[in-house]
Amino acid sequence: MNMENDHSIKETEPLMPAPLGKRILAFAMDFILLVLLIQLLANFFPDFYPASVKHEFNQVLLDASLLPEEVRGDSQQLANFLADSKLSPETYEMLLAMLFWACLIPILYFFFGERFFDGQTLGKATVRIKTLSLDGISPISPYRLLCKAIIKGLCSLSLGTPFFLPGLLNFLLCFLNRERRCLHDLIGGCITINTPAVPKLKISDAS
C-alpha cells in the first residue's frame, strides 16, 4: 500500500527546469550553428543564378553595408533603399528565395531536433538537457512542436538583426515564471529539464 502511494507521488512530482546557464549555453551553440548555416546559404545560393544576378546582388550588399546604422535599422528606409536600387526581377526573386530559406532553416532545425532526436538539438544534447511535455510522460504533438519551432526559429533569427526586440522578449519571459519557460515553451506546452545521468556500472554489478 505504501509503495503504491510512493509511486503515485513520484508520478505527480513536478519536473525541475534545467539551470538557466545550461539553457543559455545550449542556445548559444545552436545560434552559432544557425548563423553558419545561413552564412553558407548567402555564399552559395547566388551561384544557382546567372552571373549578372550574382553581380547585382553583391553590389546591393556592398551598398547596404555602407548605409548608416539608423537606416539599416529602419524597415521603411530599407524598403526605399531597395526600391531606389532598381534591382532586376531575377534579383528580387533571389532575395525573396534567400529570405524564405533563411527563415525556414531555424524552424526546421528546432522542429526536427526536438521531434526526432528525443527532444534535443545539438546544443541541448551537448549540455545534456532536453525538452519534455509538462507531465514528463505524454509526447508533445507534432503540431505544438511545429508552432514552438516557428516561434523559436523566427525569434532566434531576429536576434541577429536590428529588429531583435520580439526575439529578446520571447527569451526574457523565462525569468518571469517558476518553470523558466519562454514564450515558445508555453506555446509548445513543454519544459526543458536535465537529462538523467547514465548510472555508472560497478564492478560488483558486472560480476
For this session: Using a 1.4 angstrom probe on the protein heavy atoms only, line up Y143, Y49 by accessible area, largest first.
Result: Y143, Y49
Problem set entry | Accessible surface of I107 - all protein chains present, 1.4 Å probe, nearest 10 Å² | 20
Exercise. Which ³J(HN,Hα) values, rounded to whole Hz and listed in residue order, are derived for the stretch 79-92 from phi using the Karplus coefficients 6.51, -1.76 and 1.60 in 6.51 cos²θ - 1.76 cosθ + 1.60 with θ = phi - 60°, glycine and proline given as x?
Worked result: 5, 5, 4, 5, 5, 5, 6, 6, 6, 6, x, 5, 6, 4
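About its Cα centre, how strong a charge dipole does the stretch 59-189 have in debye, to the nearest 20, once Lys and Arg get +1 and Asp and Glu get -1 at the Cβ? Please list the in-between numbers first.
Numbers: 12 positive and 12 negative charges, 158 e Å.
It works out to roughly 760 debye.
If you add up the charges near F48, with Lys and Arg at +1 and Asp and Glu at -1, over every other residue whose beta carbon is less than 12 angstrom from its beta carbon, what do you get? Before the final figure, lay out each step's value.
Details: positive: K54; negative: D47, E90, E93.
Combined, the nearby Lys, Arg, Asp and Glu give -2.
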Exercise. According to the Kirkwood expression over distinct Cα-Cα pairs, how big is the hydrodynamic radius of the stretch 18-162, in Å?
Worked result: 17.4
Exercise. To the nearest 10 Å², what's D118's accessible area with a 1.4 Å probe?
Worked result: 100
For this session: Kindly report, to the nearest 10 Å², the accessible surface of K130 as traced by a 1.4 Å probe over protein heavy atoms only.
Result: 30
Exercise. Does the stretch 91-204 classify as rounded, prolate or oblate by the C-alpha gyration tensor (a ≥ b ≥ c root eigenvalues; a/c under 1.5 gives rounded; else a/b over b/c gives prolate, otherwise oblate)?
Worked result: prolate
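The values are calculated or read from the model by the stated rules, or taken from the named source; none is laboratory data. Values in this document were obtained by computation on a predicted structure and should not be read as measured data. Don't worry about glycine lacking a Cβ; one is built from the backbone with ideal geometry, like all the others, and counts go over all protein chains shown. Areas reflect the complete protein model, heavy atoms only, side chains present, ligands, DNA and RNA absent. Shrake-Rupley method; radii C 1.70, N 1.55, O 1.52, S 1.80 Å.
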